[in-house]
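Right, one structure below, let's go through it.
The values are calculated or read from the model by the stated rules, or taken from the named source; none is laboratory data. Just so you know, these numbers come straight off a predicted model, no measurement behind them. All Cβ positions, even for glycine, are placed from backbone atoms using ideal geometry, and neighbour counts span all protein chains on display. What goes into the accessible areas is simple: the full protein's heavy atoms, side chains included, and nothing from ligands, DNA or RNA. Shrake-Rupley method; radii C 1.70, N 1.55, O 1.52, S 1.80 Å.
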Amino acid sequence: EAETALRKALSLAPDIPQIHNNYGNVLRGRAAYREAIACYQAALDRRPDYLEARGNMGVALQEAGDSAAAIECFESVLENAPEDGATWTHLGAALATEGRLVDAEAAHRKAIALLPGSPDPHNNLGIVLKDQGRLVEARDAYQAALERDPADSGLHSNLLMCLCYDPAVTAEETIELHRDWAARYAPLADVEPFHIDDKGPLRVGYLSPDFREHSVAYFVDSIFANHNSACVSLYAYNDAADSDETTARLRASTAHWRDVYTDDTETLYRRIRDDGIQVLIDLAGHTANNRLPVFARRAAPVQVTWLGYGMTTGLPQMDYLLSDDWVDPPGPADDWCTEEICRLP
């Protein structure tokens, strides 16, 4: 509806830069990055000093994978508005993507000084500190982000992932912290009855934000290509914001491909339910952009986590963890997971 209204506005007043900027925001919201960037450029053509549009262009460029160009946009904004805390943390995220972690840390700390009550710069600082191996400091940064937004399950997932790297944290502590996440964000509730047609091949769905050039995709590539279509009807729920050659290759191996990046939790849950998925496989765990709240709703009668995360999800609604004897040796590992470990040969 917003897109329709803005197209009408542009037809009536094509020279107003704010309309182009707003239209760009709507397009970026549905991951149409090239079109969004063109809208921001149209706004800047009409008003070169329009800092909001330039900053938004930087965000779109970053999300589209062009972090170098994004850095130029953010630095241009900060030359004119050095007290813009949000742009400082956007700059930090782009610098981190380029591997400039020291510069990224400085940018995030500048953002924190300007926006002490915002969770975003604390969270982004945690990511940079984790990537530097400074795990205790990273944990403190994630905790600070959570204190500012306790309802954000994604911030809490970032903290859990950081703890998985820390040898000072015991397995017992780790599983309790994962259970705490589930109790806080995914409490057990009544499950909507399933009405699934069990005729024909088994309907198996894979859900991931990493169906692109990513380590998860390298592993599932051959899995997708070798499913027996007489036995398994393959559904892929692609939650990646961008696509590449790997995405195209995976899509070619998939009978049913769903792009779900713009779906909220309810929409994605309903989509999976409507597809009649019998086995739903999570490929993210507590990594970035996970959809564990969908699994907490019990989107499928059998739910499995695999590959993307080296630890339990903590979710009682997750039935199995797919593994083997090397990754999760029988014995102690069985006590570290809320899921039942299903070990492949």
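Which value results when the Cα radius of gyration for the stretch 169-282 is divided by 2.2 N^0.38 Å?
Numbers: Rg = 16.2 Å, N = 114, 2.2 N^0.38 = 13.3 Å.
Output field value: 1.22.
Looking at the stretch 42-142, the GluC sites (Glu not before Pro) that sit in a DSSP loop and have at most 11 other Cβ atoms within 10 Å of their own Cβ are E83.
Summing Cβ point charges (Lys, Arg +1; Asp, Glu -1) relative to the Cα centre of the stretch 1-92 gives a dipole of roughly 420 debye. Peptide packing for 31-39, 125-133, 54-62, 192-200 was compared via the average number of neighbouring C-beta atoms within 10 Å per residue; ordered from the highest value, the list is 54-62, 125-133, 31-39, 192-200.
Can you list the lysines whose alpha carbon is less than 24 Å from that of K110, not counting same-chain residues fewer than 8 positions off? Within reach: K130. Extension gain, L188 to A113, is 23.1 nm, computed as 0.36 nm per intervening residue step minus the present C-alpha separation. Rolling a 1.4 Å probe over the heavy atoms of the protein chains gives the stretch 234-293 an accessible area of 39 Å² per residue. What the phi angles of the stretch 185-196 give under the Karplus curve with 6.51, -1.76 and 1.60, with θ = phi - 60°, is a coupling list of 10, 9, x, 5, 9, 4, 9, 4, x, 8, 10, 10 Hz, glycine and proline written as x. Taking amide H positions as modeled 1.01 Å from N, with prolines and chain starts lacking one, the residues under 5 Å from R212 and 5 or more places away or on another chain are A217. Calculated FRET efficiency, S215 to R7, Cβ-Cβ distance, R0 = 45 Å: about 0.65 to the nearest 0.05.
Close amide H pairs (under 5 Å, H built 1.01 Å from N) link D259 with N238, residues at least 5 positions away or on another chain.
How would D282, D190 line up by accessible area, probe 1.4 Å, largest first? Before the final figure, lay out the partial values.
Numbers: D282 5, D190 155 Å².
Accessible-area ranking of D282, D190, largest first: D190, D282.
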